[in-house]
1. Amide H to amide H under 5 Å from residue 80: which residues, 5+ apart in sequence or cross-chain, H placed 1.01 Å off N in plane?
2. Taking θ = phi - 60°, what integer Hz values does the Karplus form 6.51 cos²θ - 1.76 cosθ + 1.60 yield along the range 114-129, in sequence order, with x for Gly and Pro?
3. So who's got an amide H within less than 5 Å of the one on residue 127, skipping anything under 5 residues away but keeping other chains? H placed 1.01 Å off N, in plane.
4. Contour minus end-to-end for residue 79 and residue 138, with contour as 0.36 nm per residue of separation and end-to-end as the Cα-Cα distance?
5. Only residues of the range 11-33 count here: report those whose backbone N is under 20 Å from the spot 7 Å along Cα→Cβ of residue 43, or say none.
Amino acid sequence: MQRLVDCQKIPDDTARLGCYDQAVRALDQAEAGGEVVVIDRDQARHVRRQAFGFSLPAMTLFERGEAREELESVTGRIASARQDSTGRWVLRLEDGAVWAQADTAMGMLAPKPGMEVRVRRASLGSFLLSVEGRRAYRARRVE
């Protein structure tokens, strides 16, 4: 990328064009080989949404050129639901995210595929999950 930017400093038109052509070929080959990945803003927002609930060291790569967006909640639909050996619910959402009930409160509505789920940030880095707008339970992202 830097080679491409450096080409604009060349005063001679023919030499500058040759520099651009060479730099663009190199960038195209790097992208085709997976050494360089180009994403647009919508793709970056999608990645941040998919990562909601994970504690990641830095997501600045996906925030270049725009104001930092803090997601406070996400919604989705249940793809599958099961109870673990302790009786806590584990929900896989249609987008692939897996959330596990973190508290021991009982009485959670038996979740079923297709039901709407909302997960929102709570205090001290925790999350609250509610199914179909009912009472929220503490949850943690496991996948």
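Every number here is computed from the coordinates shown, using simple stated rules; none is lab data. The model shown is predicted, which means the values in this text are computed figures rather than measured ones. So basically every Cβ, Gly included, is an ideal-geometry build from the backbone, and we count neighbours across all protein chains shown.
1. Sorted by chain and number, the residues that satisfy this are 92.
2. Rounded to whole hertz, the list is x, 5, 7, 10, 10, 10, 10, 5, 10, 6, 6, x, 8, 9, 10, 10.
3. Hits under the 5 Å cutoff: 122, 139.
4. Contour length minus Cα-Cα distance gives 19.3 nm.
5. Within reach of a label on residue 43, which here means backbone N under 20 Å from a point 7 Å along Cα→Cβ, the range 11-33 contributes 24-33.
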